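Report on one structure; see the data block that follows.
No lab work stands behind these numbers, since they all come straight from the coordinates. Being a predicted model, the structure only gives us computed values, none of them experimental. Counting neighbours? That spans all protein chains shown, and the Cβs are built from the backbone with ideal geometry, glycine included.
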Amino acid sequence: MIKRIVGALVVVIILCTACGSEESNLVKTDSLVVEIPKVLEQVSYDNLEILFDNIKSYEEQEIVIATTNRKSPSEGLSYEDAVTLYVDRIIPNLLDMEKVDTEKIYDINTRSEEGAYRIRTYKKDYQDVLATIDEYEYIPHLVYANNETWTELYYTGDWLSGVYLTQGKLGSIVPSMSAFGAYRVIEDVKEYDCRMDDLSDSYLLMDGEKTVLKAKQEIEEYLDAHYPLTEEDNEIRNEVYKIIAGKITGTEYYAFRVYRTLNYNGISIREMPSTQSFPNDEMVFLGEGAMCESKKLDITIGLINCYEKPEVERVITEVISFQEVMDRVAYYLTGETKFQLMHGSLEYRMFVKEDGYQLVPYWCFIAKNPNDDSTIKIYVDMETGEIEHFIY
């Protein structure tokens, strides 16, 4: 689901004077590929144990500030045209079907006078649905239910573009299982952070062995084939950032629980932290799913990529030197605890603006407190040096 950030459990600090000078030392962005590994090799801090030796360089593409917006597939369409779009194209695409049996499609309408749910079959009551639409704009909430195969799809055509889908494989193990309760048949075994862990472990899925890395690649291909609602050349794509391997109850097979966000030009867009504590001006992302056979998700909950192709506002050519970035992070974590700095990367954050959303690049560091095993993500603005942290 796409989660709008509504709270503020964040510390913000600007450390210009703390690092010994009023002005930051700016360097050209194309120098980072040489500077980063050199700095990581040389720096040493009493309160930091640095456990990585480089940050993936993005020298093949520009680092930019860009703007985008969301577009619901039903935007500008009448209710009748929107339903036709869903029934003829979107739902068959999500279910890998050439055509959907409309006997199994239902429309949930919450606009009754009593405020209760009114469930109508698409085929039998379609004209009645159209007849009840007055001046207000109605967005269909469609449910596809096939009890023979335990397949269920709940599609909200609103601006969130939410999808809740179970394809039936895991549902056959626990009949009548909905996407919301699906994970009860998966017993977690091992968690993988796709951005920094070894993904070579292999597990037996319902149709054969699969490494975690191969599963990540196949799921991203599946998502990009089924869930984009934007142009094919859009640089915003789906990304799997975490996978949990788990044993399927009562069987010899395993499944992968997957967590997904978006990325822009191959650079991750910040995902939703587990604390769900955010400032009120940013969009973060969370989609979940489960894979039990090759090249598809058996369960999908949440996020659809419905962002328009970003427009570049400006290219960032100068940033704070990486030496200063590391000094600021070390100062920020000053205290009795010696943190383990597990990983560093470049990430985009998406901020809410009056006319859309702005993508801004940040340095991102994952730090672990060895005393209580807690994890925080530290974000450093590449141009200003402003630092924020979030608990994950």
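Lys338: net charge of surrounding residues, Cβ under 10 Å, Lys/Arg +1, Asp/Glu -1, itself excluded?
Counting the neighbours of Lys338, the net charge comes to -3.
Simple spin-label model, 7 Å along Cα-to-Cβ: Lys353 to Arg89 in nm?
If labels sit at Lys353 and Arg89, their model points lie 2.8 nm apart.
With 10 angstrom as the radius, rank Thr211, Thr375 by how many other C-beta atoms surround their C-beta, starting from the fewest. Each step should come with its number before you reach the end.
Details: Thr211 13, Thr375 17.
Least crowded to most crowded, the residues run Thr211, Thr375.
Thr67: net charge of surrounding residues, Cβ under 9 Å, Lys/Arg +1, Asp/Glu -1, itself excluded? Don't skip to the answer; put the middle values down first.
Working: positive: Lys353; negative: Glu311, Glu313, Asp355.
Taking every other residue near Thr67 into account, the sum is -2.
Beta carbons within 10 angstrom, averaged per residue: use that to sort the peptides 29-39, 291-301, highest first. The partial results should precede the final answer.
On the way: 29-39: 15.5, 291-301: 21.9.
Ranking, from highest mean packing down: 291-301, 29-39.
For every other residue with a beta carbon closer than 9 angstrom to the beta carbon of Pro92, add +1 if it is Lys or Arg and -1 if Asp or Glu, then tell me the sum. Kindly include the intermediate steps, with their values, before the conclusion.
Numbers: positive: Arg89, Lys99; negative: Asp88, Asp96, Glu98.
Overall, the nearby charge balance is -1.
Work out the FRET efficiency for Lys99 and Glu232 from their Cβ-Cβ distance, taking R0 = 30 Å, and round it to the nearest 0.05.
Efficiency at R0 = 30 Å is approximately 0.80.
Given the C-alpha centroids of region 376-392 and region 340-372, what is the distance between them in whole angstrom?
6
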